[in-house]
Every structure is written in structure tokens, then in C-alpha cells.
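Participant: Pasting a structure below so you can have a look.
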Amino acid sequence: MPVPHRLKCAETWASNEGTASVVDVPGLRVWVHSTPFGPGEAGGDVHFVSVCPSCIVSRIALADVSGHGSAVVSLSAKLRELMQKHLLALEQASLMRDLNEAVLTELDGVHYASMVAAGFHGRRGLLVMTNAGHPPAFWYRARRNQWASFESQRAQDGLGLRGTPLGLLPNVAYDRMIVKPEPGDLIVLYSDGVSEATDPAGKELGRDDLLALIGALDPTSAETLGRQLVERVREFRRGSAPEDDQTIIVLQRLDQTG
């Protein structure tokens, strides 16, 4: 297994290239596996990890951009810029709104992106999950030995459209879920290239079966579960080639000495 890279205060790490990496931020271990679809090393999935200058607030984000090429490069650069702007804030609805406006005004009017972002307060142990049209994350509660999907809580501001992918419509509000994971808990983020993987007969894995598949894996660590999940999805395809970028991010809540 790779040795975790511990992000320094104010350090950011972002990529839309293939990777299998382990990154530590205050209170969390972050395991990332990303495989771009098609020729070349870069794909439409963009992952991002950052730590604020005070080493208190960390953010992990996964965006799935429609298409490839310059649109992905543009969104990746804008995501990094806005992450820096909102580095100190645990709440990330403003980040989503700014990104939505940026995709609307700065891209070509054709591309859009779904995105899920997790902000974590290392001292308070609080995690805020915000979703913009992205597949819902899964949460393993070690104390209960139980998996479940994240269900968002309705944000109080705004009465209009909510939670749509970035770049489709203006003035969208974004809901969030606030939880306090315990040491040993795992959270799985993934792109739809994982949940929509197909077998040779064309059967789609689907979110429910993906959750059931994850529930049968070893939750000992982010690395162990992540590697097993990659292998199980590959086995489900049974030789069928991926038809989209595939990214899996597993977060593990560390104890106070982790």
C-alpha cells in the first residue's frame, strides 16, 4: 500500500489524471483511485483535497465534467481557484453557487458538471456534505457495523431550484448534510462511471447493488475497502471495457492520535 502523503497547512492537491493515492488531512485519511476513460491520461473526473492555513478545515471534492478536453481543464482550474477562496469555510454552499456561476459564464455553454464536496472540521469532528447532482455518498458507521446513503438536509436559504448539476441553471441553492463521524467510520464518494458500470450483457450495476456490494467488503481501512471495491467493480464488468471515467474516494475518520 502507498505511504500516505500528509497535506501541510494551506496545501492543495487536485488532479484529473489516473491515480491511486493515499492522502492524510487532520482527522481523516483519504484514499483515491481514478481511472480516466479512453486514450490519454486525463479524464472528465476531477478530484480535489485541501487543508486550510490553520490546519483545521479540510475539503475533499469530486466533480464529474461532461466530456473531456479543455472543459475539464477549465473547470479544474476554476475549482482550485474557488477552493482557495473558500478555504477557511466549513460551509460550502457558497462554493457550489460560485462554481455554478463560473460554469455558466466561463465555459462553452455545452458542458456541465455534477459535484460532491465534503468539508471536515478537524477539531470539532464535523463533516458537511454538499451535493450538486452527483451520486449520493455512502457512510459506514463502525459502531453499528452499518452502511447507508447520505440524505441531505434542506438548506434554509432560497426557495428556487435546488441541487442541480453545475452549469445548467442560474440561482440554484444547494442542500447539505452535517454529521459527526466516529473513528473508524468510512465515507465513499464515487463517480457515475462506477455506479453505471455494465457487465457484458449490458446490465448496469446501479446504486442499490453498489451499496450492497460495498456492504460485503472489509471496512478495516480506507485502503482495504477501496482496493476491494475497485476489484469487485472490475469483476462485475467481467471483461467488459469501462465506458466512462471511474473515480472512487474513501474517507476514513482517524482517532485523535491518527
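The values are calculated or read from the model by the stated rules, or taken from the named source; none is laboratory data. From a predicted model like this one, the values you see are computed outputs, not experimental measurements. All Cβ positions, glycine included, derive from the backbone under ideal geometry; neighbour counts span all protein chains shown.
Participant: Output the residue which, of all residues in the range 137-154 that are at pLDDT 95 or above, in a loop (DSSP other than H, G, I, E, B) and in contact with a strand residue (DSSP E or B) (Cβ under 9 Å, 6 or more places away or on another chain), is surrounded by the most Cβ atoms within 10 Å (Cβ to Cβ).
Facilitator: 137
Participant: Here's another thing I want to ask about it. So which of 115, 177, 129 ends up being in contact with a His (Cβ under 6 Å, 6 or more places away or on another chain) and either in a strand (DSSP E or B) or surrounded by fewer than 19 Cβ atoms within 10 Å (Cβ to Cβ) (or both)? Don't jump to the end; show me each part of the working.
Facilitator: On the way: 177 fails: in contact with a His (Cβ under 6 Å, 6 or more places away or on another chain); 129 fails: in contact with a His (Cβ under 6 Å, 6 or more places away or on another chain).
None of the others qualify; the one that does is 115.
Participant: Restricting the first residue to the range 87-110 and requiring it to be touching a residue at least 60 places away in the same chain (Cβ under 8 Å), which pairs with a second residue that is β-branched (Val, Ile, Thr) meet a Cβ separation below 6 Å and a spacing of at least six or different chains?
Facilitator: From the range 87-110, the pairs are 92/130; 96/130; 100/172.
Participant: For the structure I just gave you, tell me whether residue 250 is in contact with a Phe, Trp or Tyr (Cβ under 8 Å, 6 or more places away or on another chain), of a type in the set (A, V, I, L, M) and not in a loop (DSSP other than H, G, I, E, B).
Facilitator: Working: in contact with a Phe, Trp or Tyr (Cβ under 8 Å, 6 or more places away or on another chain): yes; of a type in the set (A, V, I, L, M): yes; not in a loop (DSSP other than H, G, I, E, B): yes.
Yes.
Participant: Among the numbered criteria (1) at pLDDT below 75; (2) within 22 Å of residue 248 (Cβ to Cβ), which one does residue 69 miss?
Facilitator: It is condition (2) that residue 69 fails.
Participant: Those residues that are touching a helix residue (DSSP H, G or I) at 6+ places or on another chain (Cβ under 8 Å) and of a type outside the set (A, V, I, L, M), I need them from the range 176-199; list them, please. First the steps, then the outcome.
Facilitator: Restricting attention to the range 176-199, the residues satisfying the condition of being touching a helix residue (DSSP H, G or I) at 6+ places or on another chain (Cβ under 8 Å) are 176, 186, 188, 190, 194-195, 197-199.
Passing the criteria: 176, 190, 195, 198, 199.
Participant: Going through the range 180-199 one residue at a time, which ones are within 17 Å of the chain's Cα centre (by Cα) and part of a loop (DSSP other than H, G, I, E, B)? Reasoning before the result, please.
Facilitator: Initial filter on the range 180-199 (within 17 Å of the chain's Cα centre (by Cα)): 181, 185-196.
If the condition is that a residue be within 17 Å of the chain's Cα centre (by Cα) and part of a loop (DSSP other than H, G, I, E, B), then 181, 185, 191, 196 are the ones that fit.
Rundown of residues vs (1) surrounded by 15 or more Cβ atoms within 10 Å (Cβ to Cβ); (2) over 18 Å from residue 116 (Cα atoms); (3) among the β-branched types (Val, Ile, Thr), yes/no style:
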{"position": "181", "(1), (2), (3)": "yes, no, no"}
{"position": "193", "(1), (2), (3)": "yes, no, no"}
{"position": "204", "(1), (2), (3)": "no, yes, no"}
{"position": "221", "(1), (2), (3)": "yes, yes, no"}
{"position": "238", "(1), (2), (3)": "no, yes, no"}
{"position": "244", "(1), (2), (3)": "yes, no, no"}
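Participant: Quick check on my filter: what residues within the range 85-103 are surrounded by fewer than 17 Cβ atoms within 10 Å (Cβ to Cβ) and either part of a strand (DSSP E or B) or aliphatic (A, V, I, L, M) (or both)?
Facilitator: If the condition is that a residue be surrounded by fewer than 17 Cβ atoms within 10 Å (Cβ to Cβ) and either part of a strand (DSSP E or B) or aliphatic (A, V, I, L, M) (or both), then 88, 89 are the ones that fit.
Participant: What are the residues in the range 1-45 that are modelled with pLDDT of 85 or more, out of contact with any Ser or Thr (no Cβ under 6 Å at 6 or more places or on another chain) and polar (S, T, N, Q), if any?
Facilitator: 21, 35
A quick yes/no check of all residues on (1) more than 18 Å from the chain's Cα centre (by Cα); (2) without any contact (Cβ under 8 Å) to a residue 12 or more places away in the chain:
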{"position": "171", "(1), (2)": "yes, no"}
{"position": "201", "(1), (2)": "yes, yes"}
{"position": "205", "(1), (2)": "yes, no"}
{"position": "242", "(1), (2)": "yes, no"}
{"position": "247", "(1), (2)": "no, no"}
{"position": "252", "(1), (2)": "no, no"}
